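Enquirer: Here's a structure for you.
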């Protein structure tokens, strides 16, 4: 599997109108088992696209502007922390919620991810239903922010302020 792939082809007009309202989820992981697992969990209600490395993730995220990104930390080329930092630094992708989905469970790893602007940090193995709830909650918040651009701007300003205010290095 190379590149970003949408999960299904939609044919009927009813399905097309429903598809326009479906959320778009970008899964970034070099282990296709987890990509397939997330597709199984959320594929019926979300359009699932994927990237297998950090470089591809940045490209796909800037082109597709997904509603949420599930991001592994340990990947080839660019690790997940750097991908998150770059996403949060770019004005078009800064408001996209990022959930780290990784096998790194140490508190220090979680702290780094959250300081970089991730919305959440989930360790593998994970509870599928809990992940579904977390993703829906983040997408609902993003949709509310997208409907009110002023809120998104205030949220971005606050997030940037918090990043500058926190003492200590990010990595």
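The values are calculated or read from the model by the stated rules, or taken from the named source; none is laboratory data. Being a predicted model, the structure only gives us computed values, none of them experimental. Neighbour counts are summed over all protein chains in view; Cβ atoms, including those assigned to glycine, are modelled from backbone coordinates with ideal geometry.
Enquirer: Of the conditions (1) assigned to a helix (DSSP H, G or I); (2) in contact with a helix residue (DSSP H, G or I) (Cβ under 6 Å, 6 or more places away or on another chain); (3) modelled with pLDDT under 95, residue 16 fails just one. Which one is it?
Expert: Going through the list (1) assigned to a helix (DSSP H, G or I); (2) in contact with a helix residue (DSSP H, G or I) (Cβ under 6 Å, 6 or more places away or on another chain); (3) modelled with pLDDT under 95, residue 16 breaks only (2).
Enquirer: While we're looking at this one, here's another question. Filter the stretch 126-159 down to the residues that are modelled with pLDDT of 85 or more and loosely packed, with under 12 Cβ neighbours inside 10 Å, then identify the one that is farthest from residue 66 (Cα to Cα).
Expert: 127
Enquirer: I've got another one for you. From the residues in the stretch 77-90 that are free of Cβ contacts under 8 Å to residues at least 60 places away in the same chain and surrounded by fewer than 21 Cβ atoms within 10 Å (Cβ to Cβ), which one is nearest to residue 37 (Cα to Cα)?
Expert: Residue satisfying both the conditions and the ranking: 79.
Enquirer: What number goes with the only condition from (1) buried (at least 16 other Cβ atoms within 10 Å of the Cβ); (2) under 23 Å from residue 37 (Cβ atoms) that residue 93 does not pass?
Expert: Status for residue 93: all satisfied but (2).
Enquirer: Across the stretch 114-129, which residue is farthest from residue 73 (Cα to Cα) among those that are assigned to a helix (DSSP H, G or I) and either in contact (Cβ under 8 Å) with a residue 24 or more places away in the chain or over 16 Å from the mean Cα position of the chain (by Cα) (or both)?
Expert: It comes out as 129.
Enquirer: Going through the stretch 20-33 one residue at a time, which ones are over 14 Å from the mean Cα position of the chain (by Cα) and farther than 15 Å from residue 135 by Cα?
Expert: 20, 21, 30, 31, 32, 33
Enquirer: Something else about it: Is there a residue being modelled with pLDDT under 90 and out of contact with any helix residue (DSSP H, G or I) (no Cβ under 7 Å at 6 or more places or on another chain) anywhere in the stretch 89-97?
Expert: Within the stretch 89-97, one or more residues are modelled with pLDDT under 90 and out of contact with any helix residue (DSSP H, G or I) (no Cβ under 7 Å at 6 or more places or on another chain).
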